Amino acid sequence: MKNTQNLRKFWWFDEWQVEEIESWLGDMAARGWHFSRRGLLTAVFTRGEPEQVRYRCEIAKKSSPDFQDRVDFYRQGGWEYVASYGRLQIFRATGDSAIPEIHTDPQEQAGTLRPLFWACLLRLGAALLLLAAIFLPYSLMYGKYLTGLLLRGSVADFVLIILMASILVWMGLGVFAVFEKAKILRQGLPLEHKKKYGKVLVSKPAFLLAVVLVFLFIAVNLIVQVSEQQYILPLPQGDLPVVRIADLAPEAPLYPLEAAEKLDTLNICWTEHSLLVPRQWNSTEYAGLLTEIVPYDTLLVTSCYEARNNWLAARLAEGLRDYSPGREVYGYDGSKLLKTESAFDALWKYHNGNFYEIIVQEGKYVYHVYYQGRVPADTLLELIKAKLESLEDQLPLGRDGA
């Protein structure tokens, strides 16, 4: 008596793995489990006698007008229609050699692969669009994706990049595999119906598990990033990596604490970090008379970045030169910054009246400064040089330091 017990197994195969699907279903039948239908993510097998069964995948739309005629034609030849998987229509027949193959002309079969090829190509394009959508905010916020990745790219971002690259590679493999199948068939050779599939049953679950773990890691990382960001108001005393108004113009009185607390953006410093630029210090200071006529006499906005190496620092400096949102307030763009010969590895300056923008790169350090005041820019550059000379021994504010 036959045991009608059913068995569900995860379906780990993609549409383009035609030969692996045929081989897997045939091996299951040889063990007494006969494929009966497809579930949402599974294949359903019915218990029966172990038997040599051939499974073949035909690429056709089930909704096409001639589909039933095709099923009837194959039935007359000894092939039973079992189930569909996307564009794959799965048939089976006994191992009786008297039953001919569904396709006896390889070159004719090559033409049937065309819809599958375009479907795989469409998925590859969709993966590329998804990748662009994920990383588009960096490009919009920082002008260049690389600049955004340098400033804000966390471990989670790089893990996501690796994941998306893996998905693209997988989609690309599908396109390549279908192309190779068609090439083999056009040469008059049949497909390999007994292809090994063990790697698929291992790699696909591992990949999906990695996807789940990556998104959990990203969620945790975002929470940690928010909790680690530190804002300090007012700026603490002591030697800081950023250039201070007190260093530049000691006589200029900073806005009083009560005014700064009301306006939030006055006389404040904060720290950030990324994987490629792990130490970042920022400060905004205003000094002068707090009146409606003269809102401030001196403005100094400083960012100091320590990249992991000189090459990354040079890329960051070039990215800051090309794009910075602060310029929109003053009505100019990065083309106005001129590269200037100096004692630094690289120096860009913009000057308009008593307003300056300065970008300095020295080794793995980058300084980006907006300055409006009466002290000459050369004095500011001397202060930056002094900061750079002492920066190696300085504790990172908000991380290990005060």
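R0 = 25 Å: FRET efficiency of Leu208 with Arg37, Cβ-based, nearest 0.05? Could you put the intermediate results ahead of the total?
On the way: r = 22 Å, r/R0 = 0.89.
Taking R0 as 25 Å, the efficiency between Leu208 and Arg37 is 0.65.
At 7 Å along Cα-to-Cβ for each site, give me the label-to-label distance between Gln76 and Asn309 in nm.
Label-label distance for Gln76 and Asn309, simple model: 6.9 nm.
Show the residues, 5+ positions off or on another chain, whose built amide H is closer than 5 Å to the amide H of Trp11.
When sequence neighbours closer than 5 places are left aside, the close amide H contacts are Thr42, Ala43.
Answer rounded, prolate or oblate for segment 114-227, using the Cα gyration tensor with square roots of eigenvalues a ≥ b ≥ c: rounded when a/c is under 1.5, else prolate when a/b is larger than b/c, else oblate. Intermediate values should be presented prior to the final figure.
Values: a/c = 4.09, a/b = 1.95, b/c = 2.10.
Judged from the Cα gyration tensor, segment 114-227 comes out oblate (a/c at least 1.5, b/c at or above a/b).
Please arrange Val212, Val82 by counting, for each residue, the other beta carbons lying within 10 Å of its beta carbon, fewest first.
The most exposed by this proxy come first: Val212, Val82.
At Glu382 and Ser97, where each label point lies 7 Å from the Cα along Cα→Cβ, what is the point-to-point distance in nanometres?
Modelled inter-label distance: 9.7 nm.
Net charge around Gly111, counting only other residues with Cβ within less than 11 Å of its Cβ (Lys, Arg = +1; Asp, Glu = -1)? Could you put the intermediate results ahead of the total?
Values: positive: Arg114, Arg186; negative: Asp105, Glu108.
With Lys, Arg at +1 and Asp, Glu at -1, the neighbours total 0.
By how many nm would the segment from Tyr323 to Glu341 lengthen if fully extended, with 0.36 nm per residue of separation less the alpha-carbon distance?
Using 0.36 nm per residue and subtracting the Cα-Cα distance, I get 4.4 nm.
Taking 8 Å as the Cα distance limit and 6 or more residues as the minimum spacing, I'd like the relative contact order of segment 114-227 as a percentage.
Relative contact order of segment 114-227: 32 percent.
Count the net charge of all other residues whose Cβ sits under 12 Å from the Cβ of Gly188, scoring Lys and Arg as +1 and Asp and Glu as -1.
Combined, the nearby Lys, Arg, Asp and Glu give 0.
Work out from phi, with θ = phi - 60° and the Karplus expression 6.51 cos²θ - 1.76 cosθ + 1.60, the ³J(HN,Hα) of each residue of segment 9-15, listed in order in whole Hz, and give x for Gly and Pro.
Ordered by residue, 3J(HN,Hα) equals 10, 4, 9, 8, 8, 8, 4 Hz.
With each label point set 7 Å from Cα along the Cα-Cβ vector, what nm distance links Asn352 and Ala133?
3.8 nm
Could you calculate the FRET efficiency of His193 with Ala126 from 1/(1 + (r/R0)^6), where r is the beta carbon distance between them and R0 is 35 Å, rounded to 0.05? Don't skip to the answer; put the middle values down first.
Numbers: r = 30 Å, r/R0 = 0.86.
The value I calculate is 0.70.
Under 17 Å between alpha carbons, and skipping anything fewer than 8 positions from Lys204 in its own chain: which lysines qualify?
Here the lysines satisfying the reach criterion relative to Lys204 are Lys9, Lys195, Lys196.
May I ask you to derive the FRET efficiency for Asp105 and Leu201 from their Cβ-Cβ distance with R0 = 35 Å, giving the value to the nearest 0.05? Can you show the working numbers first?
Numbers: r = 32 Å, r/R0 = 0.91.
E(calc), rounded to 0.05, equals 0.65.
Can you check what the net charge comes to around Gly174, using other residues whose Cβ is under 10 Å from the Cβ of Gly174 (Lys, Arg +1; Asp, Glu -1)?
On the way: positive: Arg123; negative: Asp14, Glu15.
Combined, the nearby Lys, Arg, Asp and Glu give -1.
Expressed in nm to one decimal, what extension gain is obtained for the pair Ser64 and Asp247 from 0.36 nm per residue of sequence separation less their Cα-Cα distance? Please list the in-between numbers first.
Values: separation 183, 0.36 × 183 = 65.88 nm, distance 7.83 nm.
Between Ser64 and Asp247, full extension yields 58.1 nm more.
Could you line up Leu122, Leu163, Leu248, Leu41 from fewest to most neighbouring Cβ atoms inside 10 Å?
Working: Leu122 12, Leu163 18, Leu248 22, Leu41 9.
Least to most surrounded, the residues fall as Leu41, Leu122, Leu163, Leu248.
FYI, it's all coordinate maths here, none of it is from the lab. These figures come from a predicted structure and were not determined experimentally. Every residue, glycine as well, gets a Cβ built from its backbone with ideal geometry; the counts of neighbours run over all protein chains shown.
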